[in-house]
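The values are calculated or read from the model by the stated rules, or taken from the named source; none is laboratory data. A quick note: this is a predicted structure, and the numbers were derived from the prediction, not measured. Positions of Cβ are backbone-derived with ideal geometry, glycine not excepted, and every protein chain shown enters the neighbour counts. To get the accessible areas, we keep the full protein, side chains included, count just its heavy atoms, and leave off ligands, DNA and RNA. Shrake-Rupley method; radii C 1.70, N 1.55, O 1.52, S 1.80 Å.
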Amino acid sequence: MDAKILVLPGDGIGPEVTAKSVAALEKVASRFGHRFVFEEALMGGIAIDKTGTALPDETIKAAEGCDAILLGAVGGPKWDNPSAAVRPEQGLLKIRQHFGLFANLRPVKAYPMLAEHAPLRRELLEGVDMLFVRELTGGIYFGARQEQGESDRAYDTMLYSVDEVKRVADVAFRAAQGRRKKVTSIDKANVLAAMRLWRRTVVEVHEDFSDVALEHLLVDAATMHMLTRPASFDVILAGNMFGDILSDEASVLAGSLGMLPSASLRSDTFGLYEPIHGSAPDIAGQGKANPTGTILSAALLLRYSLRLEAEAQAVEQAVEQTLAEGARTADIAPRGGPYVSTDEFAATVLAHI
Ligand code: IPM
Ligand code: MG
């Protein structure tokens with residue numbers, strides 16, 4: 001198959017890890033007989049430096065001509081002034097909104113070989129395999145907002161419409177049908193009106209999925225259950241902000257933030273793929289970055305945008321094999337133990353593809 005992929009390396013370790021992900025896709029192309037064309041564009045801090053905006057129009061135009069986007073990470077101390085008018089993160093929010101990528105999928109798996117690296121007891125981690133479905137283009141991230149300006153007040157608004165909740169709930173229930181058939185919906189229905197609409201709508205969508213079990217959890221209780229019974233979760237459906245917070249918490253179960261991929265999707269096959277970690281400016285350029293999250297994001301790209309399931313699995317298995325053989329990047333190495341560089345780790349993954 002022919003596919004065109006836009007690469008947005010971004011800031012910090014973004015360029016190092018996207019390079020490995022592109023190499024993995026190139027390996028897949030040659031091994032399975034596909035032709036992938038890569039184009040590169042600016043986003044984040046580097047885009048602010050070069051163009052004055054975090055998401056230049058040329059980047060949007062380039063993305064419109066592609067089948068999928070592969071993103072590294074954006075941000076860094078250089079652009080971190082809270083009162084700055086332009087911030088790297090704006091690029092991320094704008095690209096999600098511009099392309100209507102309302103469903104953010106974040107799979108979290110606890111690899112047994114990394115269990116000693118996670119702060120939870122090994123027996124709690126056994127069987128942890130969850131999929132976050134986070135609403136990504138609505139909620140408090142995109143509701144009416146008033147910056148402080150000259151006044152002594154500022155506010156944000158959590159707003160959800162029935163249709164916004166329906167379409168993302170639908171994604172969650174469908175995903176559960178292909179997994180362990182359980183959805184846990186997260187809300188704060190005891191306090192927030194938007195979250196009461198959320199719960200009512202999820203219950204309504206559930207009527208079409210009688211083979212899937214539905215559980216509701218208030219977000220505060222969910223943070224606790226995530227650590228006391230993590231293996232009991234299958235699909236976790238959450239609004240934009242609660243999904244953001246809980247998915248970072250869940251990353252602890254995987255041993256390192258560097259392990260986790262994500263896919264941001266809409267109802268066709270177009271999607272944006274990125275690791276869930278940030279730009280880690282403190283380790284940028286040192287060969288210490290873990291490319292796993294970005295390489296696994298490439299696997300999700302193969303699965304969801306290109307519908308190449310065998311190829312996606314080949315990448316995922318290559319990562320598992322690399323870990324099983326004992327290769328560890330700095331973030332997942334035993335304390336003070338030896339670790340391999342980003343280059344070495346990625347080379348082993350590629351060899352297994
Ligand atoms: C994420 C990040 C972003 C978010 C930030 C960088 C805007 O935390 O993708 O989880 O809050 O969505
Ligand atoms: Mg986040």
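Taking the stretch 135-169, which residues are within 19 Å of the chain's Cα centre (by Cα) and over 18 Å from I245 (Cα atoms)? Once the filter is applied, which keeps residues that are within 19 Å of the chain's Cα centre (by Cα) and over 18 Å from I245 (Cα atoms), the stretch 135-169 yields R167, A169. When L6, L55, L25 are checked against the criterion of being in contact (Cβ under 8 Å) with a residue 40 or more places away in the chain, touching a Gly at 6+ places or on another chain (Cβ under 7 Å) and of a type in the set (A, V, I, L, M, F, W, C), a single residue qualifies: L55. Residues that are open to solvent by 20 Å² or more (accessible area, probe 1.4 Å), more than 12 Å from ligand 1 (Cβ to nearest atom) and of a type in the set (A, V, I, L, M) within the stretch 231-264 comprise A231, V252, listed in sequence order. Of the residues A176, A172, A263, the single one that is within 16 Å of ligand 2 (Cβ to nearest atom) and aliphatic (A, V, I, L, M) is A263.
Out of the residues in the stretch 328-342 meeting the condition of being within 18 Å of T18 (Cβ to Cβ) and touching a residue at least 60 places away in the same chain (Cβ under 8 Å), tell me which one is surrounded by the fewest Cβ atoms within 10 Å (Cβ to Cβ). Going through the qualifying residues, I end up with D331. Could you grab me the full set of residues in the stretch 57-74 that are surrounded by 18 or more Cβ atoms within 10 Å (Cβ to Cβ) and away from ligand 1 (no atom under 16 Å from the Cβ)? Correct list: T59, A62, A63, C66, D67, A68. In the stretch 305-327, the residues that are under 20 Å from L105 (Cα atoms) reach residues that are basic (K, R) and assigned to a helix (DSSP H, G or I) with C-beta atoms within less than 7 angstrom, at least six apart or across chains, in these pairs: E309/R303; A312/R303. Restricting to the stretch 300-353, name every residue that is hydroxyl-bearing (S, T, Y), part of a helix (DSSP H, G or I) and more than 24 Å from V37 (Cβ to Cβ). Of everything in the stretch 300-353, those that are hydroxyl-bearing (S, T, Y), part of a helix (DSSP H, G or I) and more than 24 Å from V37 (Cβ to Cβ) turn out to be T322, T342, T348.
Put simply, of A29, A23, A47, A3 the only residue that is in contact with a Phe, Trp or Tyr (Cβ under 6 Å, 6 or more places away or on another chain) and either open to solvent by 50 Å² or more (accessible area, probe 1.4 Å) or not in a strand (DSSP E or B) (or both) is A29.
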